[in-house]
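A short reminder: the numbers here are calculations on the coordinates, not readings from a lab. The shown structure was predicted, so the numbers you read here are calculated from the model rather than taken from an experiment. Note: ideal-geometry Cβ built from the backbone for every residue, glycine included; neighbour counts use all protein chains shown.
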Amino acid sequence: MRNINHKSTLNFYLILCGMTLLTVTSCVFTNNKKEESIFSNIAKNKKEYKNTEAELLSKFNKQNIELISISHKAREKEVPFRIKCLATDLIHEQKDINISINKIASKKLIIIPNVSNEKRLKEIEKASGNSFNRKYLENASKILTSQIDNLKLLTDTTKDVDFKILALQTIVKLNSSLQKVKRIKSIQT
């Protein structure tokens, strides 16, 4: 039988394990350096992605909610009949527009937040009489003008046909409402 030196065999295995560990470790470091260089290349070549459609629709929706809120206040207050009718028409129109926008947004996988400007609503709540009428008509006019501007910007910047069609159809409706507001505003003053 052969005489086996256990000490030398153990040394051989330790040396073999050490070399394997060094090889694996150097591979890991090499791969990490490659990954880091890939990430740094991506960061250098990164293009800023902007979804202007989502931003503009978000602004539009915020104004939409504001106009609906102040129109509800106009219906609750004691105001002339034509202002109550205008407020009712604006509420229905804005809700219809909101439904159309939400359909296209969900189709395009865009989430539109529902946020309103409480400051504007509080200003209108405090007013009464002719002051309320004036503030309501001024705010409705500003909101409609801003909505039209946002939709015009949307038609100029987007390449998506669905958004262009939506914007153009909505602009026609909003221009009509803006003219009603201006007519009533001129009668009131």
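List of remarks:
- Stretching residue 114 away from residue 89 to a fully extended chain increases their span by 6.9 nm, per 0.36 nm per residue minus the current alpha-carbon distance.
- The share of C-alpha pairs in segment 129-171 whose separation exceeds 14 Å stands at 55 percent.
- Relative packing of peptides 60-72, 142-154 - highest average C-beta neighbours within 10 Å first: 60-72, 142-154
- Peptide packing for 84-93, 127-136, 156-165 was compared via the average number of neighbouring C-beta atoms within 10 Å per residue; ordered from the highest value, the list is 84-93, 127-136, 156-165.
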